[in-house]
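Working notes for the structure below.
The values are calculated or read from the model by the stated rules, or taken from the named source; none is laboratory data. It should be emphasised that the depicted structure is a prediction, and the values quoted were computed from it without experimental measurement. Positions of Cβ are backbone-derived with ideal geometry, glycine not excepted, and every protein chain shown enters the neighbour counts. Note: accessible area is taken over every heavy atom of the protein model, side chains too, but ligands, DNA and RNA are not part of it. Shrake-Rupley method; radii C 1.70, N 1.55, O 1.52, S 1.80 Å.
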Amino acid sequence: MEPSNPTPSNEKLIDSLVSGIDTCNLNLDDSTNEENKQEKDSVGVKESTNNCDGSECKNTASEVLEENDSENKSDNEEQIPTTEDDLVDELAMKDLELTYTEEDRQRLQKEAEVFKQKGNELFKSGEFKESALAYTQALRTCPLSFQNERSIYYSNRAASKMKLELNESAIEDCTKALELNERYLKAIFRRAQLYEATDKLDEALADYKKILEIDPLHRDALFASKRLPDQIQERNEKLKDEMLGKLKDLGNMFLKPFGLSTENFQLSQDPNSGGYSVNFKN
């Protein structure tokens, strides 16, 4: 007869322990997987809010770029021709022109006139940068042998540059125009105005006098030739006073260690020669 409460064998004990562990592991795995799934889902939500795909995302990015571009253009857009825009390589043109026939020259001159007319229209509409570029195209197209026409293109480009306040560059264009046609009245007058605007009064007066040699009744040149001499003298007197003031300061610096100053010296001008003499006084 067997006992009522038999002691379990070792194998049964091991089987019961293992089955408990397996159940525990399964529960843990399920809970862990659930947590990972929830975490991934939440990450996915975040990624979907931070990232976009399709046309909507592209449109948003392009709108930002376009907005930045428009701000940069409005703030930084260059309104004047660059040196490259302005370049007319006459040396290269001279070599190329050796290959032209007379028919080629005539054709190119007509093409240059089209650029000139376009420049005139742009100038009238107030598009001065574009008009300057059109005149540059005319200069690059017109053969060098058409000196009178090229003189007009240079002078017209100078007029556009005057409106853009590119005075020094406009002076160069006027000078180039006059090298091709020294009696070109408009170019002389424009250069005279530019010289005066840049405080080169002596050069301006010289140009106004040239105008009067060609046209003695030129009203603006007549007025300027009477006005400028007094302005030049006033400017020269001012420059002289400034120079003497600097020389006086320099002299006092050297004379101070000797207990002297420029007040001990009298500066007198000879009315005949216009020269100066210095006399010492105690």
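Points to keep in mind about this one:
- Selection count where residues are open to solvent by 60 Å² or more (accessible area, probe 1.4 Å) and of a type outside the set (Phe, Trp, Tyr), scope segment 94-120: 15
- Yes/no for Lys58 being over 18 Å from the mean Cα position of the chain (by Cα) and modelled with pLDDT of 95 or more: no
- Test: residue in segment 179-191 that is farther than 25 Å from Asp86 by Cα and not polar (S, T, N, Q): no
- Residue count, segment 194-207 (criterion: under 18 Å from Ala159 (Cβ atoms) and open to solvent by less than 70 Å² (accessible area, probe 1.4 Å)): 6
- Near pairs, Cβ below 6 angstrom, 6+ apart or cross-chain, from segment 179-206 (within 22 Å of Arg235 (Cβ to Cβ)) to any residue that is crowded, with 20+ Cβ neighbours inside 10 Å and of a type in the set (Ser, Thr, Tyr): Ala192/Tyr208; Glu203/Tyr195; Ala204/Tyr195
Rundown of residues vs (1) at pLDDT below 95; (2) in a helix (DSSP H, G or I); (3) among the basic types (Lys, Arg), yes/no style:
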residue	(1), (2), (3)
Tyr100	no, no, no
Lys129	no, yes, yes
Ser151	no, yes, no
Arg157	no, yes, yes
Met162	no, yes, no
Glu168	no, yes, no
Ile171	no, yes, no
